[in-house]
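What follows is a set of notes on a single structure, which appears directly below.
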């Protein structure tokens, strides 16, 4: 069984993105003029943290959680963002409003340690405040991806132990995820399924992974992946709807026997998975072909969309 490789981030090109304004340290620049120094820590070393945000109904869903996560990440790498959270939120919405965006946009917020005096890793040679970049673009998940489902390929690139590089940190240094993505793409899959150091399922290269077994929703312990906001929201929705949900260690044996599988992320919410390592995702006792998102995946996807619109806000609590 084969499937043309695609990406969860596949989108239709939107001509409006050619004329967007991008915020760099609070100053707005046309897309073609938005530039940072070649001495910037993010460019030289991947030294920084980032967030992906959705603009929904003129607000950002789960804004508080996103802002808390980026400040926590900055604290973990001993980087002072230099402005208070409320001012960062203001910069985000100043940029969004300047672009006259109200819905259907994805925002990439990136904060690096700043410009260095010379290309060297020591933070003490940084000579500027942190660089704050905000890129809003009109982006919507592809309906084809949602209807066809994703194919996953288990790669040999592991999510490492925290004493090497803590996978909970949403840093600019994403090479392990990139090499996993390359391996999956070369195998004809859409996304890489990554294991933890002990061989249990951890996460995907750019999304979080869930399976459904006998009416229960399972995801990893969370020890080897970023603290996903959509992931946490799906867990919350399971509990709100009386669906048994477990954060636990499980292996590919459990994955191959799953009735449903899906991945989560800020960009697309909950996206169904069709194939894992060449095996169709379906109830092991069924001979039916995959015919779309399973009932629990559908239910959680719709509940997530509804909650995201309800909790979209422009201010911190």
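The values are calculated or read from the model by the stated rules, or taken from the named source; none is laboratory data. Note that the coordinates shown come from a computational prediction; the quantities given were computed from them, not determined experimentally. Neighbour counts are summed over all protein chains in view; Cβ atoms, including those assigned to glycine, are modelled from backbone coordinates with ideal geometry.
Quick notes
- Residue under evaluation residue 164, criteria (1) in contact with a strand residue (DSSP E or B) (Cβ under 8 Å, 6 or more places away or on another chain); (2) surrounded by fewer than 19 Cβ atoms within 10 Å (Cβ to Cβ); (3) outside any loop (DSSP other than H, G, I, E, B), criterion not met: (1)
- Taken together, 98, 76 contain a single residue that is loosely packed, with under 15 Cβ neighbours inside 10 Å, in contact with a strand residue (DSSP E or B) (Cβ under 6 Å, 6 or more places away or on another chain) and touching a residue at least 60 places away in the same chain (Cβ under 8 Å), which is 98.
- Residue 261 being in contact with a strand residue (DSSP E or B) (Cβ under 9 Å, 6 or more places away or on another chain), modelled with pLDDT of 95 or more and closer than 15 Å to residue 152 by Cβ: yes
- Inspection of the stretch 176-193 finds a residue satisfying the criterion of being surrounded by fewer than 18 Cβ atoms within 10 Å (Cβ to Cβ), under 30 Å from residue 95 (Cα atoms) and modelled with pLDDT of 95 or more.
- Residue in the stretch 139-150 that is farther than 30 Å from residue 15 by Cα, in contact with a helix residue (DSSP H, G or I) (Cβ under 9 Å, 6 or more places away or on another chain) and part of a helix (DSSP H, G or I) present: no
- Checking each residue in the stretch 151-162 for being out of contact with any helix residue (DSSP H, G or I) (no Cβ under 6 Å at 6 or more places or on another chain) and over 14 Å from residue 225 (Cα atoms) picks out 151, 152, 154, 156.
- Of the residues screened, residue 222 is one that is at positive phi and in contact with a strand residue (DSSP E or B) (Cβ under 6 Å, 6 or more places away or on another chain).
- Members of the stretch 171-204 found to be closer than 24 Å to residue 250 by Cβ, in a loop (DSSP other than H, G, I, E, B) and either touching a residue at least 60 places away in the same chain (Cβ under 8 Å) or under 17 Å from the mean Cα position of the chain (by Cα) (or both), listed by number: 189, 190
- Any chance residue 201 is in contact with a helix residue (DSSP H, G or I) (Cβ under 9 Å, 6 or more places away or on another chain) and closer than 13 Å to residue 159 by Cβ: yes
- First in the stretch 296-317 and closer than 13 Å to residue 65 by Cα, second anywhere and exposed (fewer than 14 other Cβ atoms within 10 Å of the Cβ), Cβ under 9 Å, 6 or more apart: 315/86; 316/86
- Here residue 230 fits the description: closer than 21 Å to residue 205 by Cβ, touching a residue at least 40 places away in the same chain (Cβ under 8 Å) and in a helix (DSSP H, G or I).
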